[in-house]
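Colleague: The structure under discussion is supplied below as structure tokens; questions concerning it will follow.
Read-outs throughout are calculated quantities, based only on the coordinates presented, and are distinct from any laboratory measurement. Note that the structure is a prediction, hence the values are computed from the model and not measured. Quick reminder, even Gly has a Cβ in these numbers, built from the backbone with ideal geometry, and neighbours come from all protein chains shown.
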Amino acid sequence: MNQHLQPMALLTPGGNISAYIQAVNAFPVLSAKREHDLATELYYRDDINSARELVLAHLRFVVHIARSYSGYGLPLSDLVQEGNVGLMKAVRRFNPEKGVRLVSFAVHWIKAEMHEFILRNWRIVKVATTKAQRKLFFNLRSSKKSLGWLSNEEADAMARDLGVDVAEVRRMEGRLSAADVAFDGHADDDDSAPFAPAHYLEDRGADPARDLEDSDWEAASHGLLERAIDGLDERSQVIMQRRWLDEDKATLHELAAQFGVSAERIRQLEQAALGKLRTAMQA
């Protein structure tokens, strides 16, 4: 089937995100010459079909960038939708005479739209430590005059306006520009996914000495229990086996019928046997 005639539902990330990713990956990557020809048609002749082909061919890169922001806990489909807006803005502004590929130019516009969405919706921003930090985080992107890094003068001015240290401005700017990583990592087995921070933490439970000690204690406890059960009379052993060890456990009345005594007598024998076992285990 012609890729340009794919159902529009598949090209909507808000629907089935897996089907969407599969659909956008089906579009071929443009060669440098083909990309330049399409961009030239768009730039000088406003050719809509050229713009469409450029956008479709680069949708896969939006998905790739969106995945790097999974640490914010926002739906991937929403991030992709915002990134697609940035991609379309980049395609509209792309100048083929600058000598760069579209993906290098578009990545800044894609990230800018995702940043705006994250600032509006990221749950951690809503519980930032101070009012000044919240104000800084929400206004940093809109206060910047370009998509590049702040100059020293701009950083100093912003710090004065918001009442924070310049280092705080730089730190927040770095968080905006960096790709945050989910603490627990990705649920799938994607080898290209970033290494999760959880994997760097020390596992204090993985102590070989403690594991050996626990294993020895468990073996010793089992040995004590077996010897304690062997010390019971035959009837008490049967009661403990049927009431505690068998998978299909017997009732007091079933055992009473087996031994020809009352259910209360079986309960008394059971309690007496349990008492002997506890004493043996604590010795």
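Colleague: The stretch 17-79: D in µm²/s via Stokes-Einstein (Kirkwood Rh, Cα pairs, 20 °C, 1.002 mPa s)?
Modeller: Roughly 165 µm²/s, to the nearest whole number.
Colleague: With all distinct Cα pairs included, what does the Kirkwood hydrodynamic radius of the stretch 208-282 come out to in Å, to one decimal, could you say?
Modeller: It is 13.6 Å.
Colleague: Quick one: net charge of Phe61's neighbours, Cβ under 13 Å, K/R +1, D/E -1?
Modeller: Net local charge, Phe61 excluded: +3.
Colleague: Let me ask another. Charges on Cβ only, +1 for Lys and Arg, -1 for Asp and Glu, centred on the Cα centroid of the stretch 208-282; of Gln241, Ser221, Ala273, which one is farthest towards the dipole's positive end?
Modeller: Working it through, the farthest residue towards the positive pole turns out to be Ala273.
Colleague: Quick one: go through the stretch 67-108 and flag any residue whose amide nitrogen is under 16 Å from the point 7 Å out along the Cα-to-Cβ line of Thr40.
Modeller: 95-102
Colleague: How large is the Rg to Rh ratio of the stretch 46-107 when both quantities use alpha carbon positions and Rh follows Kirkwood?
Modeller: On the Cα set of the stretch 46-107, Rg over Rh gives 1.02.
Colleague: Also, quick follow-up: For the stretch 1-123, build the convex hull from the C-alpha positions and give me its volume per residue in Å³.
Modeller: 100 Å³
Colleague: Now for a different question. Lys and Arg at +1, Asp and Glu at -1: add these up for the other residues within a Cβ distance under 14 Å of His222 and post the number.
Modeller: Charge balance near His222 sits at -4.
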